[in-house]
Amino acid sequence: MRAALEIEMPETTHLWCKWHVLRKAQESLGPVYTQSGVFRDRFYKVINEMLTVDEFEKAWDDLIDEYDLRKNTFMVRTYEARHMWAKTYSKDKFCLHVERNSSMNHFVEQYNIMLQNRAMEEDTEEHKTKQVKKLSKYMWPVEYHAYKIYTCATYNLFCREIDKASRYVIARNSAGPLYEVCHAYPEKRERWARVKFQVAVIADGESYTCECGLYTHFGILCCHVIRLLNFLGVNEIPKAHIMKRWTKDARDVLPPHLAFYQKDSPTMQSRTFRNRVLVQNSLDLAVKGDTNIDTYEIVMKHIAAANKELEPIIAAAHTGHRTRV
Ligand SMILES: [Zn+2]
């Protein structure tokens, strides 16, 4: 599977599904896993909640030391393959969950099913968003902004980050655009958990970066940036951090069945995805176009128009590429 993906879809990254790791842990660790709820909870946290590499490494070390698993074959192999499954190492990657031993055809089928499911989820989500009349719980101005622009599910995720943000304070070491966002009760945090995060203000507040990397991975601001926005008196989520696909009007731009083709969607960032959709649609046009002379002329007229519109854009792209090199 991995080799096939490297040849057929070189721009994709093959990652393990977290459920694959959890299932293998259950099979391989025996009583340690099945008889200890505490171990299961901690193992689950390592897989799901580690934001940074240092948090992951500390939590993993603590776990294998405490349960005497440093020489356990499964744990050793799983750790060696951590880049394939640990969230902290794939923050900037678009992930597809595919069963083990899948063929390439099955992979493509899964991909299509995922897209269909997403469209169905968005239908349901749009309905829920129209129904929801929930009032803001914290009433931070930035939360009210999120309430106005986001879909119901995204707003709820944002509220979770606001809840966490309320436990942080701001410490500023210099006059520069860098802030330290510190947990107010570090003694209550787990040993592996970071209690300080560096947040940088970019271009006078046009955007923000946090070392936890949550925004890059999920497209929703992390609690550290949200806390800083509140500290600085910023009342709205900066435009640079509003992903169109999470907003209520995401579907106004394209018809519902094409909603996931939004320019800013992670799917559209994949050249492989764009190529596959173009090939499918081109074949569809060829089948329709050869029906008779009239349909042939219509298709050819639009192909000529598309070529005319594309030429200057492609020429400019090539020039830009050469300049960069
Ligand atoms: Zn953060």
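So for region 169-188 (the condition being hydrophobic (A, V, I, L, M, F, W, C), surrounded by fewer than 16 Cβ atoms within 10 Å (Cβ to Cβ), part of a loop (DSSP other than H, G, I, E, B) and modelled with pLDDT under 90), does at least one residue qualify? The answer is yes; a qualifying residue exists. Per this entry, T216 is not counted among residues that are within 13 Å of the ligand (Cβ to nearest atom), under 18 Å from P177 (Cα atoms) and either modelled with pLDDT under 95 or small (G, A, S) (or both). Going by the conditions given, is V46 more than 27 Å from C212 (Cβ to Cβ), touching a Phe, Trp or Tyr at 6+ places or on another chain (Cβ under 8 Å), surrounded by 14 or more Cβ atoms within 10 Å (Cβ to Cβ) and of a type in the set (A, V, I, L, M, F, W, C)? Judged against the criteria, V46 is not a match.
Of all residues in region 222-230, none satisfies being touching a strand residue (DSSP E or B) at 6+ places or on another chain (Cβ under 6 Å), assigned by TED's automatic domain parsing to the domain that holds A184, part of a strand (DSSP E or B) and near the ligand (Cβ under 9 Å from one of its atoms). Checking each residue in region 40-70 for being among the acidic types (D, E) and within 16 Å of the ligand (Cβ to nearest atom) picks out E49, D54, E55.
Look at (1) buried (at least 18 other Cβ atoms within 10 Å of the Cβ); (2) within 25 Å of N48 (Cβ to Cβ); (3) over 21 Å from the mean Cα position of the chain (by Cα) and you find that V195 fails only one, number (1).
The values are calculated or read from the model by the stated rules, or taken from the named source; none is laboratory data. Remember, predicted model here, so these are calculated numbers, not experimental data. Positions of Cβ are generated from backbone atoms using ideal geometry, with glycine treated the same way; all protein chains shown enter the neighbour counts.
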